[in-house]
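The values are calculated or read from the model by the stated rules, or taken from the named source; none is laboratory data. Computed from a prediction, not measured in an experiment: that's the story for all the values here. Glycine also receives a Cβ, built like all others from the backbone with ideal geometry; neighbour counts cover every protein chain displayed.
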Amino acid sequence: MNVEITDLTRRFGRAVAVAGVSLQAGPGVFGLLGPNGAGKTTLLRTMATVITPTSGTVRLLDRDPAQYGPRREIRRRLGYLPQNLGYYPNFTVAEFVEYFALLKEVPSARVPRAVAAAIERVELGDRARSKLKSLSGGMLRRAGIAQAIVNEPQLLLLDEPTAGLDPEQRVSFRSLLRDLGTSATVVVSTHLVEDVGAACTEVMLMADGKLVFAGTPAELTAKGTDHGVGDAPLERGYSAALAEARS
Amino acid sequence: MTVGTAPIASAPIRPARSRTGLAAGRLLRLEFKRNAMIWLIPVAVGLFWFDCYRQSVAEPAMWNLRTMNMQGQALLDFVPSVVGAAAWMGSREARRGLTDLTGITARPRWFRQLAVWAATTGWALAAYAGCMAVLYGMTAHQAHWGGPLLWPATVAAVGLPALAAVGFAIGTAWPSRFTAPLAVVVVFFALGLSSQFARGSSSYFQVSPGLSGANDVGPDPSIATFYHYLPDLPIAQVMFLVGLTVAVLAAIGIPAGSGGQWLRRSAAILTACGLAAAGTAVYLTGTARLDVHGMIAIPALHDAASNRPIRYTPVCARTAIPVCLNPAYAAYLADVRTALAPALSELAGLPGAPASISQAATIFHQEQANQVLINGGNLRIVKGRGGRQSMALVLPDQLPGEPSSPVYTNDDFIVQIYELSPPLIDRVISGTRRRRLGVAALTGPDAEQAVIIGLVTAARTATLTRIIRQANMIQVAPDVPSSLAIISAGRPPGGQLPQVRLPAGVQAAAGRFAALPAATRHAWLVGHLSALRAGRITLAQLP
């Protein structure tokens, strides 16, 4: 298993952001759905080794991230796109991606090819030499995705990756996700249920820090039959599952 | 709740070891390319030109004056850009919201922080090297003799990484857009004031890189001209700066998250080593003393070989009694000749007249607190080769062109040298055996006094008279220079010059003697000097 989480709890002061979540995940694309404040970002940051759990155990890529050596090994194989992407405005797209390739310890000889490949995969090849400050929000998001995948991660964590992308790019991005999911574990936190339906093999739904649903998109859709609100079947399944959890 | 998945074959973990050196090179290239210091180089160069360069080239074209003046000035001029850029770069990750993203990369945080610091320092050193090349090139073009003093330039060069380290650490610890300007202000005043706290030659504050020598002496033309520049203080300063740099940079690697346990332990050990080196340097400067040649000697770092005088071929004026100067002072040989040649023409060949006059080094002596006694602007007797009497000329410790208020001109310099003529004439005519001139008295017989005053008057050529009038030389009586007045009355307390009233007979005889043709005067002196000294000649017998 690439991800093995057991009874994970994370508190910030008195607030409990994640409460007793357990999950296991191998290769595939996992959609993480939930309303604002459900704990999705906290769960993702914990999996990304940004923060440590208050209690519970986490094993990533068969290693314990609590120890420095294994954590470093995990980080070599980890890709992460945070919700708010920070960037150095004077770096070009290629420099930004190269910077992270070097920090992720991609073998030096492979860096130029890895950088070019990552930039091509997010369709920014023609803007590789543009400074980040000159890019639109959607292009910046793609540059962020490029840095996340430059090391060909075995665990890819994406927080709102399609925010700011136009429909054409989103379609292309879903294709990329499916491609990546064949060999790696990809966890996508999103508000856009259509992304989940189109690209994810599994769906997890969080509410109030807890995992309230886990299954395939088809199973979530089935929950919405005759229940829930929404325009699309998956949206109805989402609202029905949430209502069930809250009741 | 548990999410189950289809059984997945455990993905093989590919070996991800990269060659750290190559990666570091690539990272450095990126940091060099996108470093804030690049934008601040014009600021650094502009400040250097406005402050340090203009002041240094305004100094006389002597390597020691210019390079010693440069050390502290250059560092202060580079503070705003180096500390500002380093603090800005240190706070970059937090300001740009990249801490999450960079914090989860495999390379230790320390690694990328050192890369940022190294790039900032690299640009600063490149700018500094360019500035030094211009200043040293200009000095090499203008200076008559000698070569660059490398230690002041080295101390300033080692100071830049230390400044960058301090700025970077401040930026890392308090990341904010206001950190950089605040860090600049703090470091600027800390560096500027650190040298002001130095009291005496054993002050711990001498470790400040703002000082290139004894605080109470500063750059002096005599220092490192006759004797080698003592590297004692610069060594201590370099030790302090390297220690500070290592300690500050290593301390950044201690907090959790900087790297693994091994790395953090290494950082802690390095911090301790850096602090120990800096502390040792501070302690050593506390044991320093001012040596007689105006430089700071630290016993534990002192190499006796440094005490040997520098060999040089003097430049000499073709005067009746040859006057030779250190070649570094070649530009002042004409002024010295103007001031002394007339008196030397009168005295050449007389019993007791020196065979030659050679320049000697200024003697420095540390007094209480910040006071230093500088023995400059005098003549003294030394024994030359074969027992022949020679004289040592110590030029004033200030040279024309050195910044001062009021401005010290070449005429002022000539007048100051000319003031050595009366004591010299007094010594030769009266035949006193005092080694140091300037304290003899016009206490001999009237005829002797008249001859001395007559010679002093005769030694004042039309050129000298013009210069003396222009320079407003203090005179206590017509045609009696102040040095002669001091001779006659002794140096009074409070520095007030006494009024000298010469007897009418003496003054008249002196005027008559001065009016004689030089050859007649000289021939008479050769024949009658012994009798004059013995008091067997009266005023009436003077020609």
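Filtering segment A:42-85 to residues that are of a type in the set (D, E, K, R) and part of a helix (DSSP H, G or I) leaves A:45, A:71, A:72, A:73, A:75, A:76.
Please determine, by comparing only the residues of segment A:205-219 that are under 14 Å from residue A:234 (Cβ atoms) and touching a residue at least 24 places away in the same chain (Cβ under 8 Å), which one is nearest to the other protein chains (Cβ to nearest Cβ). If we take residues in segment A:205-219 being under 14 Å from residue A:234 (Cβ atoms) and touching a residue at least 24 places away in the same chain (Cβ under 8 Å), then A:213 is nearest to the other protein chains (Cβ to nearest Cβ). Taking each residue of segment B:450-462 that is under 19 Å from residue B:411 (Cα atoms) and looking for partners that are among the aromatic types (Phe, Trp, Tyr) with beta-carbon atoms closer than 7 Å, six or more apart or interchain, yields nothing. What about residue A:236, is it assigned to a helix (DSSP H, G or I), within 17 Å of the chain's Cα centre (by Cα) and among the basic types (Lys, Arg)? No; evaluated as a whole, the condition is false for this residue.
Screening the candidates B:115, B:106 for the property of being of a type in the set (Gly, Ala, Ser) and in a helix (DSSP H, G or I) yields one hit, B:115. The condition of being of a type in the set (S, T, N, Q) and more than 9 Å from chain B (Cβ to nearest Cβ) holds for residue A:9. Looking across segment B:167-187, the residues that are assigned to a helix (DSSP H, G or I) and either more than 27 Å from the chain's Cα centre (by Cα) or of a type in the set (Asp, Glu) (or both) come down to B:167, B:168, B:169, B:170, B:171, B:172, B:173, B:179, B:180, B:181, B:182, B:183.
With respect to the stated conditions, residue B:75 is crowded, with 21+ Cβ neighbours inside 10 Å, hydrophobic (A, V, I, L, M, F, W, C) and more than 14 Å from chain A (Cβ to nearest Cβ). Summed over segment A:76-97, residues that are without any contact (Cβ under 8 Å) to a residue 40 or more places away in the chain, within 7 Å of chain B (Cβ to nearest Cβ) and closer than 16 Å to residue A:119 by Cα total 1.
Out of all the residues in segment A:190-207, which are under 14 Å from residue A:173 (Cα atoms) and modelled with pLDDT of 90 or more? Across segment A:190-207, the qualifying residue is only A:200. Residues in segment B:31-52 that are buried (at least 19 other Cβ atoms within 10 Å of the Cβ) and either basic (Lys, Arg) or modelled with pLDDT under 95 (or both): 2 in all. Counting residues in segment B:264-279 that are modelled with pLDDT under 95 and either part of a loop (DSSP other than H, G, I, E, B) or within 30 Å of residue B:375 (Cα to Cα) (or both) gives zero.
Scan segment A:151-162 for residues that are touching a residue at least 40 places away in the same chain (Cβ under 8 Å) and either more than 11 Å from every other protein chain (Cβ to nearest Cβ) or farther than 19 Å from residue A:101 by Cβ (or both) and jot them down. Quick ask: steps written out before the conclusion?
Step one: list which residues in segment A:151-162 are touching a residue at least 40 places away in the same chain (Cβ under 8 Å), which gives A:151, A:153-161.
Selection gives A:156, A:158, A:159, A:160, A:161.
Against the definition (among the hydroxyl-bearing types (Ser, Thr, Tyr) and in contact with a helix residue (DSSP H, G or I) (Cβ under 8 Å, 6 or more places away or on another chain)), how does residue A:108 come out, yes or no? Yes; evaluated as a whole, the condition is true for this residue.
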